[in-house]
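Below is one structure, written out as structure tokens; comments come after it.
The values are calculated or read from the model by the stated rules, or taken from the named source; none is laboratory data. As the structure is a prediction and not an experimental result, all values here were calculated from the model. Cβ atoms come from the backbone with ideal geometry, glycine included; neighbour counts cover every protein chain shown.
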């Protein structure tokens, strides 16, 4: 089993846990993964500038398309524009 991999993020004043999750994972509700990877950081509403935060690299899970509308599925593509003969 390989060791977890991380991206080192240096905060700017006003950043939040959920903003980091949105930036790196595309989902602000995934902030708990980042919190658990940084047990030495205090859980504050906002960060000060210059705090090093370890962002775990996670494998994205594929979303099942069943029950999703057509515009939400990755397989849906726009048809190529055709010109009349």
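Among the residues that make up region 53-69, is at least one of them in a loop (DSSP other than H, G, I, E, B), exposed (fewer than 14 other Cβ atoms within 10 Å of the Cβ) and at pLDDT 95 or above?
No, region 53-69 contains no residue that is in a loop (DSSP other than H, G, I, E, B), exposed (fewer than 14 other Cβ atoms within 10 Å of the Cβ) and at pLDDT 95 or above.
What single numbered condition from (1) part of a helix (DSSP H, G or I); (2) modelled with pLDDT under 95 fails to hold for residue 35?
(2)
Tell me which of these residue 8 doesn't satisfy, since it passes every other one: (1) surrounded by 10 or more Cβ atoms within 10 Å (Cβ to Cβ); (2) at pLDDT 95 or above.
Every listed condition holds for residue 8 apart from (1).
Does residue 19 count as under 14 Å from the mean Cα position of the chain (by Cα), surrounded by 12 or more Cβ atoms within 10 Å (Cβ to Cβ) and modelled with pLDDT of 70 or more?
In short, yes.
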